[in-house]
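These notes concern the structure reproduced below.
The values are calculated or read from the model by the stated rules, or taken from the named source; none is laboratory data. These numbers come from a predicted model, not from an experiment. Every residue, glycine as well, gets a Cβ built from its backbone with ideal geometry; the counts of neighbours run over all protein chains shown.
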Amino acid sequence: MGREAGRGYSSAIVLVFALGMLLATPGCRSEPVEPAMAASTTSTQPPGISCLGRITPGDRIIKVAAPPQAIVKELLVARGSRVRAGQEIAVLRDYDLAAAALAQARSEVELAESTVNQAKTGEKPAAVAAQQAAIESQQSILRNAEEELQRSKDLFRDGLLPGAEVEAAQLKVDTARHAMRRESELLQSLQQVRSEDVQVAQRKLEVAITKERYATTELNRNHITSPASGTVLEIHAYPGETVTSEGILDLGDVRNMFVVAEVYLSDVPRVREGARASITGEGFTGTLTGKVEEILRQASGNQLYPVDAQTAADKRVLGVRIRLDDSQKVQHLTNSQVSVRIEP
């Protein structure tokens, strides 16, 4: 009786040991099953490609940026506002200072332009007119001196005037002529345009124009306009807040919604532009349809599957953009995850 019990006990130990060895054998280990979409390496291919995707407006979400550490003074749009390209959407705190600097720069440009015009035309008209009057006066003095000299010569010829008087009259004429030449030369110098003066004035004008351009740039940096037409999806900086790396707001074209599907590289050869696709997910009822519009050209790691070394979810993927036939149902579901099936 004791031998039979011992024999049965030994058989049980052998059975447990054999079972343990069986489970420890690699060929018998229970392996996790990869998703159906990764089964493209098998001999039997499914008729379509199943994958995950996300909803995005238009080409992409545009993050409207601003200068680093800028502070919003006024926000001219709200979440959900429809804006057009070039429309003013925000004003930064330093806008008033930039506007004043631009006004000053424009005044300096006007002053520099006047200086250039003055350098090109010579001296001021008033100074030229005064010099012309001085010349006319000197001409009168010269005429009187010449007439006096002629009378002196006539009297001297008749013996009525000594020669010393004629010499004195001649000296007056010579003096008047010398003064006349001096006044004429002064008028010419006033009317002459010096190239050096024009060049200096032109350089000052160029500097003023450069300052104006810089001031204009600073003003534009504090005056934020929409880079494209679209709808305001989210606001990241309100009046009084500092603009971070997220920008002021997110903008997107919700009238043309897309789905960016993450397709494994092994399945990409089976995808073609123009192929039909069906989309399901939460947040909307039924199934959406669309058409493959573009196969992106840069592979990346998947973002929609959790990374797991024991599954195919960490394989490289390529984005496939699918234009939806009906965008209205998902205009409010930007970045939502959906399930996609692309037909061959």
- prompt: Is it the case that some residue within region 90-101 is assigned to a loop (DSSP other than H, G, I, E, B) and either at pLDDT 90 or above or over 30 Å from Asp250 (Cβ atoms) (or both)?
  reply: yes
task: Identify, by number, the condition in (1) modelled with pLDDT under 80; (2) surrounded by 12 or more Cβ atoms within 10 Å (Cβ to Cβ); (3) among the aromatic types (Phe, Trp, Tyr) that Tyr9 doesn't meet.
output: (2)
task: Report, by residue number, each residue of region 201-229 that is over 18 Å from the mean Cα position of the chain (by Cα) and small (Gly, Ala, Ser).
output: Ala201, Ala208
query: In region 51-79, which residue that is of a type outside the set (A, V, I, L, M, F, W, C) and assigned to a strand (DSSP E or B) is farthest from Ala277 (Cα to Cα)?
result: Lys73
- request: Answer yes if at least one residue in region 84-102 is farther than 30 Å from Leu219 by Cα, surrounded by 15 or more Cβ atoms within 10 Å (Cβ to Cβ) and among the aromatic types (Phe, Trp, Tyr), and no otherwise.
  value: no
message: Is it the case, given these coordinates, that Ala126 is at pLDDT below 85 and either assigned by TED's automatic domain parsing to the domain that holds Pro67 or surrounded by 12 or more Cβ atoms within 10 Å (Cβ to Cβ) (or both)?
response: no
message: Quick check on Gln150: is it modelled with pLDDT under 75, in the same structural domain as Glu206 (by TED's automatic domain parsing) and either loosely packed, with under 14 Cβ neighbours inside 10 Å or of a type in the set (Phe, Trp, Tyr) (or both)?
response: no
query: Can you name the residue in region 224-251 that is small (Gly, Ala, Ser) and surrounded by fewer than 20 Cβ atoms within 10 Å (Cβ to Cβ) and, of all such residues, is nearest to Leu333 (Cα to Cα)?
result: Ser229
- prompt: Do you know which of the residues in region 103-123 that are of a type in the set (A, V, I, L, M, F, W, C) and modelled with pLDDT of 80 or more is farthest from the chain's Cα centre (by Cα)?
  reply: Val116
task: Assess whether Arg221 counts as being surrounded by fewer than 17 Cβ atoms within 10 Å (Cβ to Cβ), within 30 Å of Glu88 (Cα to Cα) and either in contact (Cβ under 8 Å) with a residue 12 or more places away in the chain or among the hydroxyl-bearing types (Ser, Thr, Tyr) (or both).
output: yes
- request: Can you tell me which residue among Gly274, Gly240 is without any contact (Cβ under 8 Å) to a residue 24 or more places away in the chain and at positive phi?
  value: Gly274
